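Take a look at the structure set out below.
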Amino acid sequence: MNTQKLFLFIAIFLTIFLLWDKWELTQSIDENGNIVTQTAIVGIDSPSAENDVPLAAEVPVAENTFTEVSSPVMEDSNISGAYTTVVTDLLTVQISNKGGTIISAFLNDYPTELYSDQTFELLSNSPESIFHAQSGLIPADQMPTHQSEFTSERQEYFLQNNNELIVPLSWKGDNGIEVTKYFYFKPDSYIIEVDYQIRNNSLTDQNVSSYTQLAHGAIIESSGMAMGMQNFSGGATYNDEEVFEKIDFEDFDSTPKTSSIGGWAAMIQHYFFTAWIPNDSQKHTYSTKTSRGNYLLTTVNPTVRVAAGTTASLEKNQLYVGPKEHVRLEELAPGLDKTVDYGFLFIVAKPLSIFLHWIYSFVGDWAISIVLLTLSIKLAFYKLSEKSFRSMAGMKKLAPRLQKIKETYEGDKQKIGKKTMELYRTEKINPAAGCLPILVQIPVFISVYWVLIEMVELRMTPFLYLPDLAMKDPYFILPLIMGASMWFQQRLNPPPADPIQAKIMMMLPVVFTVFFLWFPSGLVLYWVTNNVLSIAQQVYINKKING
C-alpha cells in the first residue's frame, strides 16, 4: 500500500466514521429535529433477597393501580402538591413532600443555551421530560416510601455563609413509627446527601432497608447541544470489581441484577449526569426494569434492625446532580470519570483529557490549551511524521522519472513495475515508509475527537469571535480555513497515479469542509492547528530534501 492510497483509505474511513455518527443520531430524531427517547417513571417488581440485601420487588411505586401482582405502576408521571425549595451556590432544588422525591434540580452556573437567563434543569417535573431522584424505606407497610406524605418545617431554604445546610422532612405512621428524612447541602458542591432517623415507637422490632432510584419520563434533548454528535444516553453502573457497564434503555429488561460492595448507579447524558452513590463499605443490589416502555434504575441497601423503643440512623446515600467536570469527578467516587463518554478508545482518550486539563491549569484558556495539546501531539509524533513526509517528498521528487518510465514501457505493466522498483532501490525510497506512522496516529486523532465533543468545560466558552467552543462556528471561518489548509497540504504531496483516486482526493477538502461546518468550533480548531503544523513540518522537510 503506497502513501497516497493510505491517505485515501484514512479519508474514506473518517468519512464513513462521521457518516455513521450522523446516521446513529438520525435514528432517534423526531419531526421537529429533536432527539427523543421515550421514558417514564415506573415501579419495580419484587426480586428475592440475597445476602441480607432486599431486592427491588419490595419497592412500591404507586397506589390503587395494578397491572400484575405486586407490580403497581403510576398513572401520572409528574408529581403535584407541596414542595420545598433549596437554593445553594450551585443548585436550585425542589423536594416534593410526596416521598421526599427531588423533582427538580437547576444547575445555577449552566444556562440552558447561549445568552439565556434560564438555567439548565437536569432533574425535571415537566410532563414532557420527567426525571426524578427518588428514595425511601422498605417494607412499605411499615415505613415511608417515595409515595408517602412527608411534612416540611419551611417552604424555602438558602445556603448561607458557606455552612452546611440541613433540610428535614418528617413522617409519622399509624404504627407509632416516626421517620425524619434529612437532606444535606454543602457549598461548592453538586452532592446532596440523604439519610434517615427512625424512631421505633411500635411494640415490635423493625427490619428496615433504604433504597434509591432514578426514574425518567419522556426525555427530549435539543440536538443543538450535541451538535449532531451521538453521545451515550442511558443508565450505567459501577461495581467493586471496577467494572463499568453502560445500559441502553432498550436493555433494561434483559440486564441482570447485580450486587456490589460500594459502587454507584447513574443516568448519563451529554455533558451532565445524575448518580446515586451508596455507602462504599456495604453490599448493595442494583437493578433495572422496564414497564409499558418506561425505565427505572434502582439501588437497594442492606437491612438494618431497629429494636422496639429505640432510635436508629441509617447510612447516608449521596446523590450527584451536575456536570461532567473533570476536577469534580476525580474527587467524588471511584469510576465516576467513566461517565464521560470517550467512545471505544477510552484508554487513549482519558490520558489526553488529563493532559489537556493539566495544560489549562497553567494557561487558563481552553482554546489556547487545545492549540498547545495539538502542538504537543505533533512533537510526540514528530519522528514518525518525518518518515512519512520524507517518503512523500521523495515520491514527489521522483514523479517526473516515474512518469517517464510509464511512457517508455506503456502497456507493459510488468516492466513498469520492475523499473519502478529499481528506481526506488537506487534512490533509497520506500513508498510504504509513510504508512505505519500515519496508522499509529489514527487512534490519537479519533480520541481527541471524543475528548473535545464530551468536554462540558468547552460549553459556552468564548474565544476571539467564537461565542461558544462547543457550538459550530457561526460564520464558518474555521471550517473554511480547515478546508483550505487540507487542500494546500495535498498540493505538497505527489498526486495518486490512479486518476480516479486523484479525483476523489481532490474532492476530500470539499467533503470535509462541509462536514466541519457543523462541528463544534473547539474540534475544528484542533484540526486547523494540526493541519497548519503538518504543513509547516512538510514544507521544512521538502526544503531539506530539495536542498
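Nothing in this text is a laboratory measurement; each read-out follows from the coordinates by a stated rule. Everything numeric here is computed off the predicted structure, so don't read it as measured data. As a convention, Cβ positions derive from the backbone with ideal geometry for all residues, glycine included, and neighbour counts pool all protein chains shown.
Here is how the numbers come out for the structure above:
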| quantity | calculated |
| --- | --- |
| Other-chain or far-sequence residues with amide H under 5 Å of E149's (modelled H) | G99 |
| Residues with amide H under 5 Å from that of L90, placed H, sequence gap 5 or more | D188, S189 |
| Gain upon complete extension [L375, R305; 0.36 nm per residue less C-alpha separation] | 19.1 nm |
| Inter-probe distance in nm under a simple model that places probes 7 Å from Cα toward Cβ, at I354 and Y382 | 2.4 nm |
| Flagged links, alpha-carbon separation over 32 Å, of K397/K503; K324/K503; K98/K186; K387/K419 | K324/K503 |
| Estimated vicinal HN-Hα couplings, Hz - the range 247-258 in sequence order (Karplus 6.51, -1.76, 1.60; Gly, Pro = x) | 10, 5, 4, 6, 9, 4, 6, 8, 7, x, 5, 9 |
| Efficiency of FRET from Cβ geometry, V514 and D188, R₀ 51 Å, rounded to 0.05 | 0.75 |
| Kirkwood-type radius of the range 108-243, with distances r between different C-alpha atoms, in Å | 18.3 Å |
| Potential lengthening between I442 and L114 on full extension [0.36 nm per residue; Cα-Cα distance subtracted] | 114.8 nm |
| Radius 10 Å from Cβ of D341, net charge of other residues (Lys, Arg +1; Asp, Glu -1) | +2 |
